[in-house]
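These notes are about the structure you will find just below.
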Amino acid sequence: MSKYLINRLLIAIPTLIAISIVIFAILALAPGDPMGEFAMNPSITAEVRENIRKSLGLDQPIHIRYVKWFTAFITGDMGYSFTSRSPVIGLILQRIPTTLWVVGSAYLVGVLLAIPLGVISALKRNTIVDTVLTTLVFFGFSLPTFFTGLLFIIIFSIQLKWFPFIYNSTLQVKDLQSLIAQVKQSIMPISVLGIWQTAMLMRFVRSEILENIHQDYVRTAYAKGLPRFLVINRHILRNALIPVGTLVALDIPSVFTGALVTEKVFRVPGIGALLIDSIYKNDTPVVMAITFIYAILIVIFNLVADILYGLLDPRVKYTK
């Protein structure tokens, strides 16, 4: 196991370097000028704009800018935002709690609902229960989150007036009343993301249960006289969750990077909303930091997924 982890880490380092080069090159060569906002301001002369460009290092060749950025990034310095002049790491840390609360809660709800519903749908195959669940999953997976979000706003905010449709980022939880307000404003974005996450995971759970339910080891377990509950939990579910565990592990990075569309629909001040705003403003340091962090998380959780295989299935050996 230790040799396998070392080999994977050695492979991950050049992979991340290659990803960083590609991302940096794309953002550096993309159309648009970070100084565009200053160009629209008549009070800022061309000389002042050029001095600002030099202070940001935009006058240097692309390869020098990349080396400076990468060496600073690995030391924890993600640079400064072109628009707000604030440290990028400060902007990201400011948004992470909201993203973890909304997106993380939705992901947890999706996992907790998808597994039991997928098992029930598979065990009740070709029944009314299975038909209803698969139909709901079809709609939940097919409808885009921006459409579901707008539908929720129309029904629950405008018509029923149950929940606010704009997320209040200035709200601080200090007492029971503020806690209730925080929960109320989080219900709709969490529900929208949770529905989509449940639908996506439940399809895989149902498919894996159906694939394992007729295997020889299941018939052997029943022949030994084991109760159906034990057969499902100790045999079928454990094998069925191997690919599902991989899918969950690979999708966890999205919890940290936010839900781009849903955060914009409900005005949730998360990482996803920060990324979209930074793209609009050509704020390269912020976009570069968020995308590269996402790449790092993908590589890390890819390794976690491989380790989960060994934990869920003892037959998996980390040999060459």
Matching residues in segment 174-207 - criterion: being free of Cβ contacts under 8 Å to residues at least 60 places away in the same chain and in contact with a Pro (Cβ under 8 Å, 6 or more places away or on another chain): 184, 185
Helices (runs of 4 or more DSSP H) wholly inside segment 165-267 containing at least 3 residues that are loosely packed, with under 15 Cβ neighbours inside 10 Å: 176-212, 216-223
Count of segment 108-137 residues which are within 21 Å of residue 211 (Cα to Cα) and touching a residue at least 12 places away in the same chain (Cβ under 8 Å): 15
Those residues of segment 106-135 which are open to solvent by less than 60 Å² (accessible area, probe 1.4 Å) and either small (Gly, Ala, Ser) or in contact with an Asp or Glu (Cβ under 8 Å, 6 or more places away or on another chain) (or both), in sequence order: 106, 107, 110, 114, 118, 121, 122
Top-ranked residue in segment 152-172 [being under 25 Å from the mean Cα position of the chain (by Cα) and hydrophobic (A, V, I, L, M, F, W, C); ranked as farthest from residue 265 (Cα to Cα)]: 171
Test result for residue 103, of a type in the set (A, V, I, L, M), crowded, with 17+ Cβ neighbours inside 10 Å and within 24 Å of residue 296 (Cβ to Cβ): yes
Filter result for the condition that a residue is at pLDDT below 85 and touching a Ser or Thr at 6+ places or on another chain (Cβ under 9 Å), over 310, 270: 270
Evaluation of residue 277 against (1) modelled with pLDDT of 80 or more; (2) touching a Leu at 6+ places or on another chain (Cβ under 7 Å); (3) within 21 Å of residue 86 (Cα to Cα) (one fails), failing number: (2)
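The values are calculated or read from the model by the stated rules, or taken from the named source; none is laboratory data. All values reported here derive from a predicted model rather than from experimental measurement. Positions of Cβ are backbone-derived with ideal geometry, glycine not excepted, and every protein chain shown enters the neighbour counts. Just the protein is used for accessible areas: all its heavy atoms, side chains included, with ligands, DNA and RNA removed. Shrake-Rupley method; radii C 1.70, N 1.55, O 1.52, S 1.80 Å.
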